[in-house]
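The block underneath contains the structure these notes are about, expressed in structure tokens.
The values are calculated or read from the model by the stated rules, or taken from the named source; none is laboratory data. Because the structure is a prediction, the values reported are computed rather than measured. In this analysis, Cβ positions are derived from the backbone assuming ideal geometry, glycine residues included, and neighbour counts consider all displayed protein chains. Keep in mind that these areas ignore ligands, DNA and RNA; they rest on the heavy atoms of the full protein, side chains included. Shrake-Rupley method; radii C 1.70, N 1.55, O 1.52, S 1.80 Å.
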Amino acid sequence: MEIANLTIEKVRQGLAAREFSALELTQEALRYAQAENPATNAYLHFCPERAEARARAVDGKLARGEDAGPLAGVPVAVKDVIVTKGVRTTCGSRLLEHYVPPYDATAVQRLEDAGGIILGKANCDEFAMGSSNENSAFGPVRNPVALDRVPGGSSGGSAAVVAQGTAVVSLGSDTGGSIRQPASFCGVVGVTPTYGRVSRYGLTAFASSLDHIGPFGRNVHDAAVLLKTVAGRDDYDATSAFAPVPDYTAELDRGVAGMTIGLPKEYFAGLANESGDLIHQAVKVLESLGARIVEVSLPATEWAISCYYIICTAEASSNLARYDGVRYTTRSDEASSLVGMYRSTRGEGFGAECKRRIMLGTYVLSHGYYDAYYLKAQKVRALIARDFENAFQTVDALVAPVSPFPAFKLGEKMADPMAMYLADIYTVTGDLAGIPCMSVPCGKTAEGLPVGMQILIRHFDEPGMFRVAGAYERAVR
Ligand code: GLN
């Protein structure tokens, strides 16, 4: 079996033809992933005992002739901000280096109930804050496509394992682009579903009004299967939606004939480079398949970065208050006073980016500045959402770039947080509006760096989004 090129369908066929058992596949996938991982640092740690136990359960079901589930035997990685019972969950932070959660996230439980095999936990920026995976306390991830470049962030490990072939699919999280941007940098498919589509129970909170869990895959089909598996109402997450979960794979072959696709002009204005050319070529493909292409305007886009970095830091400053050395975290040895212990635990434990955001967020919420920053940002957020609503009056979906540039070099933007924040210019809007959006590979630059095309659509119209993605992928493969 060729581990690095497996898909969900190939795993299903292999198990059905008894080419391998789930246990054999799991052991081989673990061996391969452990051997390849030093090149990228994409996995932080593996969980072979858990993986093998799940694989035996799948084999048992298959032997009894039972349905082993849509992900039966499929090797999966889970971003290390999503909790796994008995398996360390560090959030890429020194503070949680030794934290072993007592429960599973709902998404984790659902993917295992569907037969998926978690091989290990994927590296990420500390508490999912970053766009390059360089904010991990456990070292950056290298992009498997070009090892001197970043994989994107914050779900850099989740994208890299799928690109490298050390997992078939993976789960990541997206607050301001953390699934789509790494997917585009690594040349894989990444989906940010509608806000509330996937339960966040067990996702470590960064900015709760923006946080999403979503899938990565090497093709659109695999991402669709994983999304269907983890989506749906969960009583443990009051923000999870009751809307029924359709079969997203049913949309993949419908084609785009008759659809109207909008190109937001603000997203293309500063994009006179190879990434822009590749997106325009992809749009031509959609047009040749029968889609009608029109230009639309999303005028509030210019304030999106400021709006996002006010709201996300405000929420982060509140969510991260719990890491104080008392309940979860590694406690500092400083024992002279309680306040001293808090101060040194947080001072030693948080990395520079987390500290920067806690300070920014505390500031924008503080008396006297709340109205000028936080309240204003909430108003801008409403304008951004309204822009999308207006656009969707006339178009079925939007196509846009994911990132203004392809994967950059490790270290290139670390000294300049503003330059790093600007990398998120095309991705934060979807999260601010809560609409589904995804990145689909649409070619490579002359240097061989992958570029992703973003598809954005109305709330809960993931079916329409997969329809566009499926049609495009089929046309170019
Ligand atoms: N890059 C963005 C940030 O640093 C997005 C992070 C995310 O989506 N988790 O906040």
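Listed values, structure above:
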| item | result |
| --- | --- |
| Breaking point among (1) closer than 30 Å to T90 by Cβ; (2) of a type outside the set (K, R); (3) open to solvent by 50 Å² or more (accessible area, probe 1.4 Å), for S306 | (1) |
| Subset of region 287-304 that is touching a helix residue (DSSP H, G or I) at 6+ places or on another chain (Cβ under 6 Å) and part of a helix (DSSP H, G or I) - its residue that is nearest to the ligand (Cβ to nearest atom) | A304 |
| Subset of region 312-329 that is more than 16 Å from the ligand (Cβ to nearest atom) and assigned to a helix (DSSP H, G or I) - its residue that is least open to solvent (accessible area, probe 1.4 Å) | A321 |
| Which listed residue is open to solvent by less than 40 Å² (accessible area, probe 1.4 Å), touching a residue at least 40 places away in the same chain (Cβ under 8 Å) and either polar (S, T, N, Q) or farther than 15 Å from A167 by Cα (or both), from G92, G60 | G92 |
| Subset of region 194-204 [within 14 Å of the ligand (Cβ to nearest atom) and not in a strand (DSSP E or B)] | Y195, R200, T204 |
| Residue, nearest to the chain's Cα centre (by Cα), within region 384-414, restricted to residues that are closer than 21 Å to S306 by Cβ and part of a loop (DSSP other than H, G, I, E, B) | V402 |
| Residue count for region 213-240, restricted to those that are open to solvent by less than 10 Å² (accessible area, probe 1.4 Å) and aromatic (F, W, Y) | 1 |
| Qualifying residue in region 113-123 (condition: in a loop (DSSP other than H, G, I, E, B), within 12 Å of the ligand (Cβ to nearest atom) and either touching a helix residue (DSSP H, G or I) at 6+ places or on another chain (Cβ under 6 Å) or touching a residue at least 60 places away in the same chain (Cβ under 8 Å) (or both)) | no |
| In region 360-375, the residues that are touching a residue at least 24 places away in the same chain (Cβ under 8 Å) and either part of a helix (DSSP H, G or I) or polar (S, T, N, Q) (or both) | L360, G361, T362, V364, Y373, Y374 |
| Filtered residue count, region 17-52, keeping only those that are surrounded by fewer than 14 Cβ atoms within 10 Å (Cβ to Cβ) and either in contact (Cβ under 8 Å) with a residue 60 or more places away in the chain or assigned to a helix (DSSP H, G or I) (or both) | 5 |
| Residue list for region 1-13, filter: touching a residue at least 40 places away in the same chain (Cβ under 8 Å) and either open to solvent by 30 Å² or more (accessible area, probe 1.4 Å) or not in a loop (DSSP other than H, G, I, E, B) (or both) | I3, A4, N5, I8, E9, V11, R12 |
| Among (1) touching a Leu at 6+ places or on another chain (Cβ under 8 Å); (2) open to solvent by less than 10 Å² (accessible area, probe 1.4 Å), the one test that A282 misses | (1) |
| Unique residue being open to solvent by 10 Å² or more (accessible area, probe 1.4 Å) and either on the phi < 0 side of the Ramachandran plot or within 14 Å of the ligand (Cβ to nearest atom) (or both) when the list is A207, A243 | A243 |
| Check on P140, over 20 Å from E9 (Cβ atoms), away from the ligand (no atom under 13 Å from the Cβ), open to solvent by 10 Å² or more (accessible area, probe 1.4 Å) and in contact (Cβ under 8 Å) with a residue 40 or more places away in the chain | yes |
| Number of the exception - Q164 against (1) within 13 Å of the ligand (Cβ to nearest atom); (2) farther than 26 Å from A352 by Cβ; (3) open to solvent by 10 Å² or more (accessible area, probe 1.4 Å); (4) among the polar types (S, T, N, Q) | (1) |
| Of residues in region 437-453 being more than 15 Å from the ligand (Cβ to nearest atom) and of a type in the set (A, V, I, L, M), the one nearest to S184 (Cα to Cα) | V451 |
| In region 420-436, residue surrounded by the fewest Cβ atoms within 10 Å (Cβ to Cβ) [restricted to those that are among the hydrophobic types (A, V, I, L, M, F, W, C) and within 12 Å of the ligand (Cβ to nearest atom)] | L422 |
| Among the residues listed as A352, A372, A377, A382, the single one being of a type in the set (G, A, S), surrounded by fewer than 16 Cβ atoms within 10 Å (Cβ to Cβ) and closer than 21 Å to A128 by Cβ | A352 |
| Residue match in region 174-193 (condition: part of a loop (DSSP other than H, G, I, E, B), among the small types (G, A, S), open to solvent by 10 Å² or more (accessible area, probe 1.4 Å) and more than 16 Å from the ligand (Cβ to nearest atom)) | yes |
| Subset tally (residues that are surrounded by fewer than 24 Cβ atoms within 10 Å (Cβ to Cβ) and of a type in the set (V, I, T)) for region 143-161 | 1 |
| For A68: the one exception among (1) touching a residue at least 60 places away in the same chain (Cβ under 8 Å); (2) part of a loop (DSSP other than H, G, I, E, B) | (1) |
